[in-house]
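Engineer: This is the structure, below, for whatever I ask next.
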Amino acid sequence: MKQLGIAVIGDGLMAKEHSMAWRSVQAVYGDVPVAPRLVVIVHPDPERAAAAAAQYGFERSATSWEEAVADPDVDVVDIVTPNAFHKDVAIAAARAGKHIWCEKPLALTSEESWEMTRAAEDSGVSTLVGFTYLQNPGLALAKRLIDAGELGDLFSFTAFFSADTMIDPDVPFTWRTDRSRAGGGALGDLGSHLVSIARYLVGDVARVNGMTRIVVPERVDAAGARRTVDNDDHALALVEFANGVTGSLQASRVLTGRSFEVSFTLTGTRGAIRFSQQDSHILEVSLASDGLDSHGFRTIELGPGHGEFGRLWPMSGINLGLHELKIFEVRALIEAITTGARVLPDFREGWEIEKVIEAIERSAETRSWVDVG
């Protein structure tokens, strides 16, 4: 079987997630046309790089991403660095003819995202952005119901993402609380996922009206210095879609009592659907086709007939977590590489999502509605 050489740039949590997915895709699918080969993992600290290589199963480690991009054994550059490094690594990889998997958000700004998109498209390489929840079988079923007209004319979409990882003021200052390295805070990190879901299910976002807030204004960094947090902890936006649907997005890293929640409700003239990643084995539906005397939501147990669920389980009703969804992402990228087909969300879609995030930030600054450029 032909091999696909992988270079992972970064050694943190997402490096672990991605490495697990690369190592598992052949076991889950069996029929993958290429076998991932974990060639090199990169971190500027040689000890950390070596430790990551040993833990995640890479052939070797390196301290220079430039070295990894230039390596003839590398076919795919997998970017899991802080956001500020995405652009330079991706553009260099594209120019070297390497396919690219990049964690979200795609870049610090829409301008950087466009530069990355143009470089990749000019080079003809395949790309994928890590908007993991788009791989969920629940979203695949939701899309089927929408396309079949079961919801009628859509008019309302609301979505929520909370990860209360930073409500404690003693959580240290890191790159995620530094705008120069992360860009937006909760909005860019969590809210971008909501925008990806909104665009997948509903369509283009036309204009937004947003608010953001920094709830914990200062944190102590690893060196013991007190640092100012300059990106948002909490964000809320009203959205109007190009097709007339209206809705709201809320993203927060400081909501006490909600350690992790990703959920949405989509409503049309003939039905509604609700989904939560915490109950990823079900989709709740309320459909006129069930009967006019039917009220409230009923539960559909997700199973092998929905999305890629059957690749993991032959029976319904089992929760799928982020590790499993990452395996689906890897399979999507392999499909793009081996067939040349466009697989979403690619860099162009990541750029579209970043434009929405940027518009929400401009709206929060001006306290006004802002058109998405």
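Engineer: Identify, by number, the condition in (1) open to solvent by less than 30 Å² (accessible area, probe 1.4 Å); (2) touching a strand residue (DSSP E or B) at 6+ places or on another chain (Cβ under 6 Å); (3) not acidic (D, E) that R362 doesn't meet.
Structural biologist: (1)
Engineer: Now, a different point. Against the conditions (1) under 27 Å from V229 (Cβ atoms); (2) part of a strand (DSSP E or B), where does S192 fall short? Just the number, please.
Structural biologist: Evaluating S192 over (1) under 27 Å from V229 (Cβ atoms); (2) part of a strand (DSSP E or B) leaves (2) as the failure.
Engineer: Hey, can you tell me all the residues within the stretch 327-373 that are more than 20 Å from D122 (Cα to Cα) and small (G, A, S)?
Structural biologist: Matches in the stretch 327-373: A332, A359, S363, A364, S368, G373.
Table: residues versus (1) in a helix (DSSP H, G or I); (2) over 14 Å from Q135 (Cβ atoms); (3) not small (G, A, S).
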| site | (1), (2), (3) |
| --- | --- |
| I273 | no, yes, yes |
| P304 | no, yes, yes |
| G317 | no, yes, no |
| I327 | yes, no, yes |
| V330 | yes, no, yes |
| E335 | yes, no, yes |
| I353 | yes, yes, yes |
| A359 | yes, yes, no |
| R362 | yes, yes, yes |
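Engineer: Restricting to strands (runs of 3 or more DSSP E) lying wholly in the stretch 20-121: which have 1 or more residues that are over 23 Å from the mean Cα position of the chain (by Cα) and touching a residue at least 12 places away in the same chain (Cβ under 8 Å)?
Structural biologist: 35-42, 60-62
Engineer: I want to confirm something. Restricting to the stretch 214-233 and keeping residues that are over 22 Å from the mean Cα position of the chain (by Cα) and charged (D, E, K, R), which single residue is surrounded by the most Cβ atoms within 10 Å (Cβ to Cβ)?
Structural biologist: The qualifying residue surrounded by the most Cβ atoms within 10 Å (Cβ to Cβ) is R219.
Engineer: Examine the stretch 162-178 for a residue that is within 30 Å of I91 (Cβ to Cβ), part of a helix (DSSP H, G or I), open to solvent by 30 Å² or more (accessible area, probe 1.4 Å) and not small (G, A, S), and state whether such a residue exists.
Structural biologist: So far as the stretch 162-178 goes, yes, one or more of its residues are within 30 Å of I91 (Cβ to Cβ), part of a helix (DSSP H, G or I), open to solvent by 30 Å² or more (accessible area, probe 1.4 Å) and not small (G, A, S).
Engineer: How about the stretch 1-19: which of its residues are assigned to a loop (DSSP other than H, G, I, E, B) and open to solvent by less than 40 Å² (accessible area, probe 1.4 Å)?
Structural biologist: Once the filter is applied, which keeps residues that are assigned to a loop (DSSP other than H, G, I, E, B) and open to solvent by less than 40 Å² (accessible area, probe 1.4 Å), the stretch 1-19 yields G10, D11, G12.
Engineer: Then there's this: Condition first: of a type in the set (F, W, Y), open to solvent by 10 Å² or more (accessible area, probe 1.4 Å) and free of Cβ contacts under 8 Å to residues at least 60 places away in the same chain. Can you find one or more residues in the stretch 265-276 that meet it?
Structural biologist: No, the stretch 265-276 contains no residue that is of a type in the set (F, W, Y), open to solvent by 10 Å² or more (accessible area, probe 1.4 Å) and free of Cβ contacts under 8 Å to residues at least 60 places away in the same chain.
Engineer: Please pick out the residue among I353, I327, I357, I337 that is among the aliphatic types (A, V, I, L, M) and open to solvent by 30 Å² or more (accessible area, probe 1.4 Å).
Structural biologist: I337
Engineer: Residues in the stretch 242-250: is at least one free of Cβ contacts under 8 Å to residues at least 40 places away in the same chain and of a type in the set (V, I, T)?
Structural biologist: Within the stretch 242-250, not a single residue is free of Cβ contacts under 8 Å to residues at least 40 places away in the same chain and of a type in the set (V, I, T).
Engineer: Just to check your reading of the model, which residue among R311, R348 is under 29 Å from M116 (Cα atoms) and at pLDDT 95 or above?
Structural biologist: After applying the criteria, what remains is R348.
Engineer: Just to check your reading of the model, which residue among A90, A35, A50, A70 is modelled with pLDDT of 95 or more and open to solvent by less than 10 Å² (accessible area, probe 1.4 Å)?
Structural biologist: Just a single option satisfies the conditions, and that option is A90.
Engineer: Return yes when G183 is within 18 Å of the chain's Cα centre (by Cα), at positive phi, buried (at least 23 other Cβ atoms within 10 Å of the Cβ) and modelled with pLDDT of 95 or more and no when it is not.
Structural biologist: Here the answer is yes, as G183 does meet what is asked.
Engineer: While we're on this one: Would you mind telling me which numbered condition in (1) part of a strand (DSSP E or B); (2) of a type in the set (S, T, N, Q); (3) more than 26 Å from A242 (Cα to Cα) T212 fails?
Structural biologist: Here T212 clears every test but (3).
Engineer: Any chance the stretch 234-242 includes a residue that's touching a Lys or Arg at 6+ places or on another chain (Cβ under 8 Å), closer than 20 Å to S162 by Cα and either at pLDDT below 95 or open to solvent by 10 Å² or more (accessible area, probe 1.4 Å) (or both)?
Structural biologist: Yes: the stretch 234-242 contains one or more residues that are touching a Lys or Arg at 6+ places or on another chain (Cβ under 8 Å), closer than 20 Å to S162 by Cα and either at pLDDT below 95 or open to solvent by 10 Å² or more (accessible area, probe 1.4 Å) (or both).
Engineer: Return yes when T158 is polar (S, T, N, Q), surrounded by fewer than 22 Cβ atoms within 10 Å (Cβ to Cβ) and in a loop (DSSP other than H, G, I, E, B) and no when it is not.
Structural biologist: No; evaluated as a whole, the condition is false for this residue.
Engineer: Now for a separate question. Looking at the structure I just gave you, is S126 over 19 Å from the mean Cα position of the chain (by Cα), among the hydroxyl-bearing types (S, T, Y) and either open to solvent by 10 Å² or more (accessible area, probe 1.4 Å) or at pLDDT below 95 (or both)?
Structural biologist: When the stated conditions are applied, S126 does not pass them.
The values are calculated or read from the model by the stated rules, or taken from the named source; none is laboratory data. Note that the coordinates shown come from a computational prediction; the quantities given were computed from them, not determined experimentally. Positions of Cβ are generated from backbone atoms using ideal geometry, with glycine treated the same way; all protein chains shown enter the neighbour counts. Ligands, DNA and RNA are excluded from the accessible area calculation, which covers all protein heavy atoms including side chains. Shrake-Rupley method; radii C 1.70, N 1.55, O 1.52, S 1.80 Å.
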